[in-house]
Amino acid sequence: MKFVTMVLMALSFGVSSLAVEVDTKKSEFKWTVSKVTGKHYGVLPIKKAELKTNKKGEVNGGEFILDLKNFTVDDLDGKWETKFLTHMKSKDFFEVEKFDDPKLVLTKIKNGKATGKLTIKGKTNRVKFPYTFNNGVYKGTLKFDRTKFDMRYGSTSFFKNLGDKAINNEVIVNFKVVLKK
């Protein structure tokens, strides 16, 4: 049955590629953002994940859609957690009511380097990042500049005299993508 599913998926992508199933329950995308006075971190749930292979069976592309409506901040509790998530989902940052599903499209995966396009808030930018692959698990770190996706709040690149309210532009996403067996 699994083979039939893969063949049907291959037909939808064209005969030259097969889809590889990702175990979204075991896979994870963990984000970290730092500021002058510390950092915040949490998890971005995966809404949809798919990797594609070439004729040799090598993974060479894919797509991940993340779920911003349900992302977490793991270093805060109670009213501070609620306040932080509400602000992150506002227009100052992700504007979740309008853009709730950021997407990473991988266009090349080879020799420990991945290349693709990251779309957040309707804006798309190229990304490159390293990865490792071992026993059916991809691990790596994707870093991106949030201001390139229209998230300028608290950025010293756009606002002066922020003092201890300054937020770094770089967002770090550590990922673990587990293939289904």
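The values are calculated or read from the model by the stated rules, or taken from the named source; none is laboratory data. Predicted, not measured: the structure shown is a model, and the values here were computed from it. Cβ sites come from the backbone with ideal geometry, for glycine too, and all protein chains shown count toward neighbours.
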**Study point:** Sole residue being basic (Lys, Arg) and in a loop (DSSP other than H, G, I, E, B), chosen from Lys117, Lys181
**Key:** Lys181
Check your understanding: Which of the residues belonging to the stretch 46-59 are at pLDDT 90 or above and out of contact with any Leu (no Cβ under 8 Å at 6 or more places or on another chain)?
Key -> Lys48, Ala49, Glu50
Exercise for review: Return the residue satisfying two criteria in turn: it lies in the stretch 86-106 and is at pLDDT 95 or above and among the hydrophobic types (A, V, I, L, M, F, W, C), and of such residues it is surrounded by the most Cβ atoms within 10 Å (Cβ to Cβ).
Suggested key: Leu104
Check your understanding: Before we move on, is Thr72 part of a strand (DSSP E or B) and either at pLDDT 95 or above or polar (S, T, N, Q) (or both)?
Key -> no
Review point. Quick one: would you say Lys148 is of a type outside the set (Asp, Glu), touching a residue at least 24 places away in the same chain (Cβ under 8 Å), outside any loop (DSSP other than H, G, I, E, B) and closer than 18 Å to Lys113 by Cβ?
Key: no
Point to revise | Residue within the stretch 36-44 that is crowded, with 16+ Cβ neighbours inside 10 Å and at pLDDT below 85 present | key: no
Check your understanding: Do we find a residue being out of contact with any Gly (no Cβ under 6 Å at 6 or more places or on another chain) and within 16 Å of Asn174 (Cα to Cα) anywhere in the stretch 81-101?
Key -> no
Practice item. Select from the stretch 137-158 the residues that are more than 17 Å from Lys91 (Cα to Cα) and modelled with pLDDT under 90 and write down the one among them that is surrounded by the most Cβ atoms within 10 Å (Cβ to Cβ). Key: Thr156
Review point. Quick one: would you say Tyr153 is of a type in the set (Phe, Trp, Tyr) and in a strand (DSSP E or B)?
Key: no
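For every residue, the table says whether it meets (1) surrounded by fewer than 13 Cβ atoms within 10 Å (Cβ to Cβ); (2) hydrophobic (A, V, I, L, M, F, W, C); (3) more than 18 Å from the chain's Cα centre (by Cα); (4) closer than 23 Å to Arg146 by Cβ.
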| residue | (1), (2), (3), (4) |
| --- | --- |
| Thr53 | no, no, yes, no |
| Asp67 | no, no, no, yes |
| Lys79 | yes, no, yes, no |
| Ala114 | no, yes, no, yes |
Point to revise | Matching residues in the stretch 81-98 - criterion: being among the hydrophobic types (A, V, I, L, M, F, W, C) and either part of a helix (DSSP H, G or I) or over 18 Å from the mean Cα position of the chain (by Cα) (or both) | key: Phe84, Leu85, Met88
Check your understanding: Could you say which residue among Phe129, Phe158 is in contact with a Lys or Arg (Cβ under 8 Å, 6 or more places away or on another chain), outside any strand (DSSP E or B) and either of a type outside the set (S, T, N, Q) or closer than 17 Å to Pro102 by Cβ (or both)?
Key -> Phe158
Revision key, fill the gap. Checking Ile109, Ile120, Ile172 in turn, the sole residue that is of a type outside the set (S, T, N, Q), in contact with a Phe, Trp or Tyr (Cβ under 8 Å, 6 or more places away or on another chain), more than 27 Å from Asn54 (Cβ to Cβ) and buried (at least 17 other Cβ atoms within 10 Å of the Cβ) turns out to be Ile120
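Listed here are the residues, each with its yes/no results for (1) touching a strand residue (DSSP E or B) at 6+ places or on another chain (Cβ under 6 Å); (2) at negative phi.
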site	(1), (2)
Gly78	no, no
Phe94	no, yes
Asp101	yes, yes
Leu106	yes, yes
